[in-house]
Amino acid sequence: MLERRDTGLLVVDIQGKLARLVEGSESLIANTARLVQGAKALGLPVVWLEQNPDKLGATVPELQPQQAGTLVLPKFSFGALGEPTVAAALAGTGGSHWLVCRLETHTGV
């Protein structure tokens, strides 16, 4: 069972042109904003990951206001937990269970 004290929200790679190319992107972006707002209201840590943002672009502008007061980390591999900075940041939040919101389902966190 998820407990608020050890659960967080991980928002992954909703960025750049790819975010506009997926079917239903506007709904995805709007629903992500609602999900982040809900997580914040519950006091859950929210961590954002951006795949190589210098080349692929930052999180879409509509979601950038939601990043205020949260951790935003670049990553350079699809397996983000293999990156020491990401793994350390997640461990540092105290969360051991993560709800994941992302565009692509065929790649792993």
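The values are calculated or read from the model by the stated rules, or taken from the named source; none is laboratory data. Source: prediction; values computed, not measured. Cβ placement follows ideal geometry from the backbone for every residue including glycine, while neighbour counts extend to all protein chains displayed. These area figures cover heavy atoms from the full protein model, side chains too; ligands, DNA and RNA do not enter into them. Shrake-Rupley method; radii C 1.70, N 1.55, O 1.52, S 1.80 Å.
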* Inter-residue pairs, beta-carbon under 8 Å, first on the phi > 0 side of the Ramachandran plot and in region 91-104, second surrounded by 13 or more Cβ atoms within 10 Å (Cβ to Cβ), 6+ apart -> Gly94/Asp6; Gly94/Pro45
* If you scan region 43-75, which residues turn out to be among the hydrophobic types (A, V, I, L, M, F, W, C), farther than 15 Å from Gly16 by Cα and assigned to a loop (DSSP other than H, G, I, E, B)? -> Leu44, Ala68
* **Hits in region 76-106 (condition: in contact with a Gly (Cβ under 9 Å, 6 or more places away or on another chain), open to solvent by less than 40 Å² (accessible area, probe 1.4 Å) and within 18 Å of Arg4 (Cβ to Cβ))** => Leu90, Gly95
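Report yes if Leu35 is at pLDDT 90 or above, part of a helix (DSSP H, G or I) and closer than 24 Å to Met1 by Cα, otherwise no.
Judged against the criteria, Leu35 is a match.
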* Within region 1-32, can you find the residues that are small (Gly, Ala, Ser), outside any strand (DSSP E or B) and surrounded by 12 or more Cβ atoms within 10 Å (Cβ to Cβ)? -> Gly16, Ala19, Ser25, Ala30
* Structure fact -> Of those in region 93-108 that are hydroxyl-bearing (Ser, Thr, Tyr) and at pLDDT below 85, the residue nearest to Leu42 (Cα to Cα) is Thr105
* Structure fact -> Listed by first then second residue, the pairs whose first member lies in region 1-25 and is over 17 Å from Ala80 (Cβ atoms), whose partner is modelled with pLDDT under 85, with beta carbons under 6 Å and at least 6 positions apart or on separate chains, are Val22/Leu103
* Hey, Leu42 hits all of (1) crowded, with 16+ Cβ neighbours inside 10 Å; (2) within 12 Å of Gly8 (Cα to Cα) but one; which does it fall short on? -> (1)
